[in-house]
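Report on the following structure.
The values are calculated or read from the model by the stated rules, or taken from the named source; none is laboratory data. Just so it is clear, the model here is predicted, and its values are computed rather than measured. Cβ: placed from backbone, ideal geometry, glycine included. Neighbour counts: every protein chain shown.
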Amino acid sequence: MTNIPFYLHDLGDAEIEAVAQVLRTPFLTTGDTVAKFERALADLLGCKHALAVTSCTGAMHMSLLGMDIGPGDEVITTPMSFIATSCAILEAGATPVFVDVEADTGNLDAKRIEAAITSKTKAILPVHLYGLMCDMMSIREVARKHNLRIIEDAAHCVEGVRSGLRPGQAADTACFSFYATKNLTCGEGGALVTNDSDLFERLKLLRLHGATKTAADRVREGYQHWDMVSLGWKYNMSNIEAAILLPQFERLGRKLEDRQQLAALYAEKLSAIQGVQLVSSRPNTVHAHHLYTVWIKSAKRDLVLQNLRKLGVEAVVNYRPIHLTDYFVRTFGFQPGAFPNAERIGEQTISLPFYPFMPREHVEQVAQALAESVS
């Protein structure tokens, strides 16, 4: 049996040459290449502005700060995500308030949000889990009713569409990750998009220490005195990361089609396996298919993971519920039973090998290994 990795990137000559072009110039930090990437991302998503940063966590943190959300404020979010979502809220000084997820998708349940709103609630931070957009039309309706801001964690979902909306089109900001395994990747990196020009100008300051001029400004204009007008952070992306990202825009559509075909093949091969539940999608959506995840109902998940590894299949868990991690239990006193759907998913979830150029025969091998592992 062939060993099947969880993920392989498809970066190659185009990215190498793009980076080489940057290295041949004297300017490596945030400059024209970053600006070109930002324009491409904004155009892709149909938003006015994009801001390239060092991570999705940084993009969410900045978004909260830019909206004056901090100590004493609450942000409604999901317990079924990577810890970065809630960490960004804590780093801003606010408090994450969890709402349980939809039982069949793992996405934040829009129907439960209103019951969690208090006088301290300032924002909603949904996560488009696995690449399926949340019900942003319903979330936007609740936010408007209660005068709340919306920050989307779209780390999994740069290509996603739901009911005609893309990330950022129904929110104050949408935040993206370009981590090593993401559909659009530079190893580490992130961005946010927004249609709010005033907010964008404030976020540009927060991205680089609150300084009024960047190094690129000083090179272009000649040295001029600059000022620090707010307390910002060091979140700016360099031209090197932007260079890696730019050539990938040409392949995004083709890679999405590849992942859609792989997901359909997985569904065909796995649907008949007793004890394996496929994760639901929703009508009128383009699923970004960042991950291919299943839920194991008939066997202990960790034992299935061990069996898969013995059979040469690398699989991971996305995710254990945030509220039952040690820090959140100690800090907030969460106990099992608080969010049953998220907890059930956390006990059952397995993400299988999945990347655009994955050989179709490897999907069949993974399906066979999974059937053996749950039997």
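Taking the condition at pLDDT 95 or above, of a type in the set (D, E, K, R), farther than 19 Å from ILE89 by Cβ and in contact with a helix residue (DSSP H, G or I) (Cβ under 7 Å, 6 or more places away or on another chain), does ARG166 pass?
yes
Give me the pairs: first residue in the stretch 348-375 and among the charged types (D, E, K, R), second residue crowded, with 22+ Cβ neighbours inside 10 Å, beta-carbon distance under 8 Å, and six or more apart or on different chains, which are they?
ARG360/LEU262
Can you find, within the stretch 213-224, the residue that is modelled with the lowest pLDDT among those that are loosely packed, with under 15 Cβ neighbours inside 10 Å and over 15 Å from ASN239 (Cβ atoms)?
ARG218
Might you let me know whether the stretch 47-60 holds any residue that is modelled with pLDDT of 95 or more, touching an Asp or Glu at 6+ places or on another chain (Cβ under 6 Å) and β-branched (Val, Ile, Thr)?
Scanning the stretch 47-60, I find no residue that is modelled with pLDDT of 95 or more, touching an Asp or Glu at 6+ places or on another chain (Cβ under 6 Å) and β-branched (Val, Ile, Thr), so the answer is no.
Looking at (1) touching a residue at least 40 places away in the same chain (Cβ under 8 Å); (2) in a helix (DSSP H, G or I), which is the one condition that is false for ILE124?
(2)
Please go through the stretch 51-70 and give me each residue that is of a type outside the set (A, V, I, L, M, F, W, C), in contact with a strand residue (DSSP E or B) (Cβ under 6 Å, 6 or more places away or on another chain) and not in a helix (DSSP H, G or I), ordered by number.
SER55
All but one of (1) in contact with a Phe, Trp or Tyr (Cβ under 8 Å, 6 or more places away or on another chain); (2) surrounded by fewer than 23 Cβ atoms within 10 Å (Cβ to Cβ); (3) not hydrophobic (A, V, I, L, M, F, W, C) hold for PRO79; state the number of the condition that does not hold.
Status for PRO79: all satisfied but (2).
In the stretch 212-231, how many are part of a helix (DSSP H, G or I) and charged (D, E, K, R)?
So the count comes out to 4.
With respect to GLU241, is the statement that it is part of a helix (DSSP H, G or I), within 22 Å of the chain's Cα centre (by Cα) and either in the same structural domain as HIS209 (by TED's automatic domain parsing) or at positive phi (or both) true?
yes
Please identify the pairs in which a residue from the stretch 85-101 that is closer than 19 Å to ALA115 by Cα has its Cβ atom under 6 Å from the Cβ atom of a residue that is crowded, with 17+ Cβ neighbours inside 10 Å and among the hydroxyl-bearing types (Ser, Thr, Tyr), counting only partners at least 6 apart or on another chain.
PRO96/THR77; PRO96/SER86; VAL101/THR78
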